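Notes follow the structure.
The values are calculated or read from the model by the stated rules, or taken from the named source; none is laboratory data. All values reported here derive from a predicted model rather than from experimental measurement. Every residue, glycine as well, gets a Cβ built from its backbone with ideal geometry; the counts of neighbours run over all protein chains shown.
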Amino acid sequence: MKAAGSLILAASTDRVLLLRRADGQGWDQPGGMMDADEDEPAATACRELDEETGLAPMLVDCLDSFVIRRLADGRHVTYMPRAPERWALEYTVFVCTFREEFEPTLSAEHTASGWFDLETLPEGVHPGTALAIDVLRRKGF
């Protein structure tokens, strides 16, 4: 299974946009499963960005991407090249930078949005999003 999403940063504040999930699974970034007609994770990330925030995909400047894997037991890990049969989900995360913070137009999948410092995230961040933000920090964003 493959999915993709975007971590959205505001260059003026160095904060990340997170969305509170309507299903009660905490805060996460815009993203979701690849549709059957999508060949590339970037297409999925752009579609999800539009659906979940109202942002036109052509406004996105994707600076980097990396892969997060969710093991069958629910643990989230960054890309590891061995034993791919163990992976339940391959999730590609794109980093998108905007000049300023903005108020997204939320879909029914989310109940709230907020801009957060990378070092002081809200309680209840989805494990995959927390891992993506940790990778983001290590990459020096």
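Just so you know, in region 39-67 the residues that are touching a strand residue (DSSP E or B) at 6+ places or on another chain (Cβ under 7 Å) and modelled with pLDDT under 65 include one that is surrounded by the most Cβ atoms within 10 Å (Cβ to Cβ), and it is V60.
Output the residue which, of all residues in region 122-131 that are within 14 Å of the chain's Cα centre (by Cα) and modelled with pLDDT of 85 or more, is farthest from R21 (Cα to Cα).
Of all residues in region 122-131, those within 14 Å of the chain's Cα centre (by Cα) come to 125-131.
Now narrow it down to the ones that are modelled with pLDDT of 85 or more: 125-126, 129-130.
On the way: V125: 10, H126: 9, T129: 12, A130: 14 Å.
Looking at the filtered set, the residue picked out is A130.
Cβ-Cβ distances below 8 Å connect the following pairs, each with a first residue in region 90-110 that is without any contact (Cβ under 8 Å) to a residue 12 or more places away in the chain and more than 23 Å from L131 (Cα to Cα), a second residue that is of a type in the set (S, T, Y) and part of a strand (DSSP E or B), and a separation of six or more residues or different chains: E103/S113.
Yes or no: F102 modelled with pLDDT of 75 or more, assigned to a strand (DSSP E or B) and surrounded by 12 or more Cβ atoms within 10 Å (Cβ to Cβ)?
Values: modelled with pLDDT of 75 or more: yes; assigned to a strand (DSSP E or B): no; surrounded by 12 or more Cβ atoms within 10 Å (Cβ to Cβ): yes.
Spelling it out, it is not the case that F102 is modelled with pLDDT of 75 or more, assigned to a strand (DSSP E or B) and surrounded by 12 or more Cβ atoms within 10 Å (Cβ to Cβ).
The set of residues in region 1-34 that are of a type in the set (A, V, I, L, M, F, W, C) and either surrounded by fewer than 20 Cβ atoms within 10 Å (Cβ to Cβ) or in a loop (DSSP other than H, G, I, E, B) (or both) comprises M1, A10, A11, A22, M33, M34.
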